[in-house]
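Enquirer: This is the structure I want to talk about, given as structure tokens.
The values are calculated or read from the model by the stated rules, or taken from the named source; none is laboratory data. On a predicted model such as this, the values are computed, not experimentally measured, just so you know. Don't worry about glycine lacking a Cβ; one is built from the backbone with ideal geometry, like all the others, and counts go over all protein chains shown. These accessible areas exclude ligands, DNA and RNA; they are computed on the full protein's heavy atoms, side chains included. Shrake-Rupley method; radii C 1.70, N 1.55, O 1.52, S 1.80 Å.
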Amino acid sequence: MGDTGFLHRGSRIILPFLIIPLISYIIFFLNAGINKRNLSDQEKNGHIIQEADTRIDEFTLFQTNNGKVDLEIRAKRAEVFEEEEMALLRDVKVTINREDGMRVYLVGDSGSVNTSSKDFRINKKELDTRINLGDDLTVITGSIRWINKDREVISDSPVEIRRAGIVIKGNQFVANLDTQEFEVSGDVETHIDR
């Protein structure tokens, strides 16, 4: 009978020493699994997606030159990343004022802007980003980039340019808005309606 009491007291002493490491082991691996899942949720296309520093509804970014607005970027929503000097945009509308007073309008579903240099990219789901260059000249493409220091619009997507019965198609497009010069390259086709 004395042995039973010893085993009972011994099991009370040994049992906590087994349970504590087991619980620690479970907590450690659960935590490691949760952290791994959170990391994979934030990873997209091999890049870590960071949380935005600021989210802004009705985002507006202006650039002025000699007291006049020469670039205006509006978006229904923006996620701003301060350190990267970048904002991700949704439902984007851009107005660029040319030196001759004409306005160029760009519209897209999404985009991004470097908040320092004012370079931006605009994309459209239906691959029909429209650029109205004035003088009834319209450019239709999937996505465009704006290089602010050169004041150039660039598209590496298939592009279609329309003006007064003339349609020019190609795979790439570069336009300087102030000189009104543009270049289409890559499998260029021209159609003239008569």
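Enquirer: What order do Arg151, Arg77 take when sorted by accessible area (1.4 Å probe), most exposed first?
Expert: Descending accessible area places them as Arg77, Arg151.
Enquirer: What is the calculated FRET efficiency for Ile56 to Thr95, with r their C-beta to C-beta distance and R₀ = 30 Å, to the nearest 0.05?
Expert: Result of the calculation: an efficiency of 0.95.
Enquirer: Ignoring ligands, DNA and RNA, how do Lys169, Lys124 rank by accessible area with a 1.4 Å probe, largest first?
Expert: Correct descending sequence by accessible area is Lys169, Lys124.
Enquirer: Under a 1.4 angstrom probe, counting protein chains only, how are Phe120, Phe182 ranked by accessible area, largest first?
Expert: Phe182, Phe120
Enquirer: In addition: Taking a ≥ b ≥ c as the square roots of the Cα gyration tensor eigenvalues, with a/c under 1.5 meaning rounded and otherwise prolate when a/b beats b/c, else oblate, which class fits the range 89-194?
Expert: Judged from the Cα gyration tensor, the range 89-194 comes out prolate (a/c at least 1.5, a/b above b/c).
Enquirer: Further question: Taking a probe of 1.4 angstrom, what is the accessible area of Ile192 in Å², to the nearest 10?
Expert: Result for Ile192: roughly 100 Å² accessible.
Enquirer: Need the list of aspartates and glutamates near Lys124 for cross-linking: C-alpha distance under 13 angstrom, and skip anything on the same chain fewer than eight residues off.
Expert: The qualifying aspartates and glutamates are Asp91, Asp109.
Enquirer: Could you give the nm distance between label points at Glu82 and Asp193, where each point is 7 Å from its Cα heading toward the beta carbon?
Expert: According to this spin-label approximation, the distance is 5.2 nm.
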